[in-house]
1. Name every residue in the range B:51-77 that is open to solvent by less than 20 Å² (accessible area, probe 1.4 Å), within 9 Å of B:N102 (Cα to Cα) and either touching a Ser or Thr at 6+ places or on another chain (Cβ under 7 Å) or part of a strand (DSSP E or B) (or both), in order of residue number.
2. What single numbered condition from (1) surrounded by 19 or more Cβ atoms within 10 Å (Cβ to Cβ); (2) farther than 20 Å from B:L218 by Cα; (3) in contact (Cβ under 8 Å) with a residue 40 or more places away in the chain fails to hold for B:Q345?
3. Of everything in the range C:48-86 that's without any contact (Cβ under 8 Å) to a residue 24 or more places away in the chain and not aliphatic (A, V, I, L, M), which residue is nearest to C:W198 (Cα to Cα)?
4. Checking C:P127 against (1) within 16 Å of C:I47 (Cβ to Cβ); (2) in contact with a His (Cβ under 8 Å, 6 or more places away or on another chain); (3) part of a loop (DSSP other than H, G, I, E, B); (4) of a type outside the set (S, T, Y), which single condition isn't satisfied?
5. Out of all the residues in the range C:157-171, is one or more in contact with a strand residue (DSSP E or B) (Cβ under 8 Å, 6 or more places away or on another chain) and closer than 24 Å to A:L200 by Cβ?
6. Among the candidates B:Y112, B:Y117, which residue alone is part of a loop (DSSP other than H, G, I, E, B), of a type in the set (S, T, Y) and touching a residue at least 12 places away in the same chain (Cβ under 8 Å)?
7. Look at B:P297 and say whether it is surrounded by 23 or more Cβ atoms within 10 Å (Cβ to Cβ) and either modelled with pLDDT of 95 or more or away from chain A (no Cβ under 14 Å) (or both).
8. Kindly indicate which of C:T93, C:T97 is within 8 Å of chain A (Cβ to nearest Cβ), open to solvent by less than 10 Å² (accessible area, probe 1.4 Å) and β-branched (V, I, T).
Amino acid sequence: MREENKYLKRGVDYPIIEGRRTLPGKYYHDQNIYKEELTKIFYNHWIYACRAEEIHAAGDYKLIQVGDESIILVRDKSLNIHALFNVCRHRGTQLCTELEGNFESKSIQCPYHSWVYALDGKLMGAPLMKEENGFRKENCSLHKAHVHDWEGFLFISLAKNPEPFEVQMEALIGKFSDWNMTELRIARHISYELNCNWKLILQNYQECYHCPGVHPLLSRLTPFESAQHDSSKGAVIGGFMELIKERGSMTMDGEAAGPAVCDVGGDDLQRVYYYSLFPNMLLTPHPDYVMFHRITPLGPEKIVNDCFWLFHPDQINDKRAQKGINSAVDFWDLTNRQDWTVCEQMQSGTKSIRFDRGYYSGREDILYTLDRELLKALEHDDPEEGF
Amino acid sequence: MREENKYLKRGVDYPIIEGRRTLPGKYYHDQNIYKEELTKIFYNHWIYACRAEEIHAAGDYKLIQVGDESIILVRDKSLNIHALFNVCRHRGTQLCTELEGNFESKSIQCPYHSWVYALDGKLMGAPLMKEENGFRKENCSLHKAHVHDWEGFLFISLAKNPEPFEVQMEALIGKFSDWNMTELRIARHISYELNCNWKLILQNYQECYHCPGVHPLLSRLTPFESAQHDSSKGAVIGGFMELIKERGSMTMDGEAAGPAVCDVGGDDLQRVYYYSLFPNMLLTPHPDYVMFHRITPLGPEKIVNDCFWLFHPDQINDKRAQKGINSAVDFWDLTNRQDWTVCEQMQSGTKSIRFDRGYYSGREDILYTLDRELLKALEHDDPEEGF
Amino acid sequence: MREENKYLKRGVDYPIIEGRRTLPGKYYHDQNIYKEELTKIFYNHWIYACRAEEIHAAGDYKLIQVGDESIILVRDKSLNIHALFNVCRHRGTQLCTELEGNFESKSIQCPYHSWVYALDGKLMGAPLMKEENGFRKENCSLHKAHVHDWEGFLFISLAKNPEPFEVQMEALIGKFSDWNMTELRIARHISYELNCNWKLILQNYQECYHCPGVHPLLSRLTPFESAQHDSSKGAVIGGFMELIKERGSMTMDGEAAGPAVCDVGGDDLQRVYYYSLFPNMLLTPHPDYVMFHRITPLGPEKIVNDCFWLFHPDQINDKRAQKGINSAVDFWDLTNRQDWTVCEQMQSGTKSIRFDRGYYSGREDILYTLDRELLKALEHDDPEEGF
């Protein structure tokens, strides 16, 4: 099966070009650029929030942090999901501080002056308030964000009129339907706090030029020359690498962590997909499980990176199948930590007065594309102009 | 004594209006507005510093923090009180770092080059310095702030030419003379560090719309409908609530903490007064004791709130009377903590991009007045204009 | 030997003037002035880095922090020393994070994508990179700073075309040749973290007006009236004080810590020299040892101050001679801490709105000269103009 030159062809719809220039360092440190990113990207694009299973029952909620905004993602009595700004319309008090829970009263009450909202955000009660001087209850519903459920993944958009999810994420639609991801469940979750810009994580995820030096184990399981890109449209940039072991997977010993997920078959049994859903999600379907990251920026030089492992509930509930889950978790925890170290060192180095712009190798050409997406979203001039 | 409609009338010299708008959120977070507040309010108005009893003897001093300024409040040999900037005139060294103490030499010596000042700030000695090139000792006294003693409360003003205390605090003069507050002494002190803007504490103090939800015990002792405002002139905004229990007070069981203070009698035996002395003091006379807060802003989102309980010295010195003191302290410590939680949540929520301005209920109308005081002091346009 | 009026004459080439004015307080706190200082001074002047002995063998390196820049000071196979910016030319990753060590491979490899540099900074390998689109290996050597070895002290300059070391430090050349400092070795090192501006340390070092009050022990060993300045040219300002005890030194008991160093003789046997090498080194040769400080600014209000004691290796290796070394270390550790306290208090006090500018005594006149050096380097108008 291993052919001599099977890894020669790479990328999809663009020529591979060596030596293109990276972004200037300020894109990783500047406070004003960061604020622009919040406004033009994080408060405007579709953002991965959480899995539908995490707010399973009526009244279940989860607080989602998007930049400086706190959003209450809540399921109502009809099991519909709403994304509400966590800000009382009376005087601006944050309604809810527990990161997750259940509104047992099936309503949200402000702790300060007891205004009460329905789970769809409608103002139900404002004690003693008369409707005078421009105050009308009907105008004081909680501000809402948009919600979209894609295969059990809940996305939200804080934009007033967001682009349809299917347009922003076009390349994703139908791509992984064999996995039936709606059926999968979270088996494990690890949260990492990192001192680097959010974009360094996306860049790190989209190239395997660093794999031989940084990830010796990963490189044994999936040779870095096997990296292919099969999509780069809109917010979705993706590709895959080939598993060297027949029916193997990304685990500590390279053996599958369990049976193939749902309807996965054919070429997909030998592939690990790497899809970044700009700006805050990295989706990594394996034949036997799905790993994904959610990136939450806390400043230009700080993020929380939450890593989740999805397995089929049959495996999660099977005591004898835990070894495979553990091995997948251990593999990625090891690999993640290897990445975090170099990302944090890149963060430091790019602050130097002598760092103007670096050079991308041909194996990092997709990062050049990613940079263009960013510049377009920020409506910034391309620093390439004038070179 | 409880009449049917005794709580209907509220406020003093203005109509109650529902639905007026709050300040925009930036007034609670913006660093530049905070700096303006320091300059135009904290370095300009009369500020509560400490009780005269705290610097009782000759040489006693206390450091008072006002914004970024450190002031030495000191009693000299003639028992006069001086407020001196804690900055040596030689090269700017802070003279004193201990928060309180006694200058036993009856002078203040700079620890760096040993310049010596009298307790009234006059430069007494500058070792080896000749009076040349514009250096004259008589021009190098410590910079002074103004001091005013009102009923044992020491106020200072960093303004070069402050408005007279009696003008700024006109509504206060004579108001509580039955308490003879000069005679009272500090029985207890608790210091709280809070993550909120200083103005949220004043707002919280001036309305009882939040009491039923936030303070169930307080609301049983003084029904929130009983809140009246009887003054809002200059820096002083005040009112009272009625004690439901005959000869009761604000304690854990609602019983008086001790006998009525000095000459307190008549209606005052059934009232708890709430007077805010803009910008940094909240004065709460009860029939049997006086509680007050001093607010020290440390930034737009951080304050220290010092809470003090004054009792008559006869009670402080009476072992059998400690239970009443403890009960008053416990009651307000509980109530304070309930308030701090909601103030900190309001601080967080008002940062949202979706929070423009909230709506005051009729029961919060005095806050609208308070906001106008602030805007006037800052010389800002009223955001109400144009609505 | 003690003559009546031996201490009357002071200074060198300027009249002693009382009552000149200090810098305005903003020079110690302002973030923008600090950034200007980094650019115009710390990234432009010769900066003391470390002793040559600290990177003794081929491959030995040390990271040197200069403002926000990290420099790798490394000795190559031919034992030449190079100062390399710690920033990979590929994508800006910091190459090295350990503060000191040995590059055993005699090369520097980036941990991210494995680019390899020789110890002189030349790019040796960029795996898989083709020389296309403007990418040429020969253009991608590590950025370099200049290095100068003066008597075993390594200085670096981040300027592209620095003024020659001998010009900037003219007054230093040959001045201390009797000490043969190249032969001396570090016997002890203490690192202090201080909350004050870097310039306050230089000011503190250049006047002994503070000694009687702050340093009673030092003042007994070297009377403050003995302080003379014998140089103030370019970056070098220096002088000396006289040891009162025949063949004494700065130790806890005033006795010499050991024999005179190398060829030190004559008047130098009774002197302690205090030379500040603007901006970051304080050099203090004693008859029997050399003490020096390296100042590393971390912000306008924060520095690290590293204090080193150099002795002759014969004494360092002589067990019976350790008591003298310990006594010299203890003496300066005590004296340092006395200084840090007053420097930190000056830092606090100069922030006051009431601190405009202070007055220098005649015994601090050299600080006026030092301030002029700073203003010249920053190309700022002299605040003296207009007085």
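1. Within the range B:51-77, B:Y61, B:V74 meet the criteria.
2. (3)
3. Among residues in the range C:48-86 that are without any contact (Cβ under 8 Å) to a residue 24 or more places away in the chain and not aliphatic (A, V, I, L, M), the one nearest to C:W198 (Cα to Cα) is C:N86.
4. So C:P127 meets the others, but not (1).
5. no
6. B:Y112
7. Working: surrounded by 23 or more Cβ atoms within 10 Å (Cβ to Cβ): yes; either modelled with pLDDT of 95 or more or away from chain A (no Cβ under 14 Å) (or both): yes.
It is true that B:P297 is surrounded by 23 or more Cβ atoms within 10 Å (Cβ to Cβ) and either modelled with pLDDT of 95 or more or away from chain A (no Cβ under 14 Å) (or both).
8. Every option except C:T93 fails the conditions.
The values are calculated or read from the model by the stated rules, or taken from the named source; none is laboratory data. Nothing here was measured: the structure is a model prediction, and the numbers come from that model. For neighbour counting, all protein chains shown are included, and Cβ atoms are generated from backbone atoms with ideal geometry for every residue, glycine included. Please note that ligands, DNA and RNA were not included when accessible areas were found on the heavy atoms of the full protein model with its side chains. Shrake-Rupley method; radii C 1.70, N 1.55, O 1.52, S 1.80 Å.
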